[in-house]
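*Asks:* Would you mind keeping the following structure in view while I ask a few things?
The values are calculated or read from the model by the stated rules, or taken from the named source; none is laboratory data. Here the structure is a predicted model, which is why all the values come from computation and not from measurement. Neighbour counts run over all protein chains shown; Cβ positions are idealised from the backbone, glycine included. When the accessible area is computed, the model is the full protein with side chains, heavy atoms only, and any ligands, DNA or RNA have been set aside. Shrake-Rupley method; radii C 1.70, N 1.55, O 1.52, S 1.80 Å.
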Amino acid sequence: MDHSTHHSGTAHDHAAPAGGHKGHGGHHGGQAHGTTWATAMKATLHCLTGCAIGEILGMVIGTALMWGNVQTMALAISLAFLFGYSFTLFAVVRAGVSLKAAIKVALAADTVSIAVMELVDNGIIALTPGAMDAHLSDGLFWYALLGGFAVAFVITTPVNKWMIGRGKGHAVVHAYH
C-alpha cells in the first residue's frame, strides 16, 4: 500500500532514517503522525460520530422502555463505545486485517478518545439542571446532549492530538488506510 498518497506533507518519505527503520521515517517524532489540529479534529469527529449514534440510540431505547436514568445512561455509554469501536473495526477489517487483530487496533485507537468524550458529555448532561429528567420531546434534552457533544469535541481534540503525536490513539489506524 502506498502511504505517500494518504500522507503527503508528513514524515512518510519512505527513506531509511538514521536508525534504519525503513519506510517509517520519523514516526516517533513530533509531526510524524500528522499531529496537526486538522488531523486531531478528524480523529475526534470520527470518534464523536460513533459515540453520538450509540448514545442517542441508547437514550431512545432506555426512554422507550421507561428505564431509569442509571440504566439508560449505562446502555447509552455502552452503545457509544460499541459504535465508536465498530467504525474503526470495520475500516481496519476492510483493509484486510483479521478480526482479532482489528479488534486490538480498534481498542488501541479509540478507547481513550471515547472514554474522554463520554466522561465529558455525560458529565455535562448530569450537571445540566433538569436534563436527566427531560424527555426526548423536550428541547432541554437535545440542548444538553448536543451541547455535551460540542464541549466533548473541544476537550477530546487536544487529547487526540497529543496521543497521535506519540504514536497512540488514531495514529495506530493510519497504517491501515
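*Asks:* How large, in percent, is the carbon and sulfur part of the accessible surface of segment 61-177 at a probe radius of 1.4 Å?
*Replies:* Carbon and sulfur atoms account for 73 percent of the accessible area of segment 61-177.
*Asks:* Heavy atoms of the protein only, probe of 1.4 Å, neighbouring chains included. What is the accessible area of Trp67 in Å², nearest 10?
*Replies:* So the heavy atoms of Trp67 present about 110 Å² to solvent.
*Asks:* Please state, as a whole number in µm²/s, the translational diffusion coefficient that the Stokes-Einstein equation yields for segment 75-177 at 4 °C and 1.567 mPa s, with Rh defined as the Kirkwood radius across alpha carbon pairs.
*Replies:* Values: Rh = 14.7 Å.
The estimated diffusion coefficient comes to 88 µm²/s.
*Asks:* What distance in nm separates the simple spin-label points at Lys104 and Trp142, each placed 7 Å from Cα in the Cβ direction?
*Replies:* 4.4 nm
*Asks:* While we're here: Per residue, how much accessible area does segment 70-177 have with a 1.4 Å probe, in Å²?
*Replies:* 50 Å²
*Asks:* Then there is this: Can you give me the C-alpha center-to-center distance between segment 128-177 and segment 37-59, rounded to a whole angstrom?
*Replies:* First find each Cα centre; the distance between them is then 6 Å.
*Asks:* Quick one: how many Å² of Thr35 are accessible to a 1.4 Å probe, rounded to 10?
*Replies:* We get 10 Å² for Thr35.
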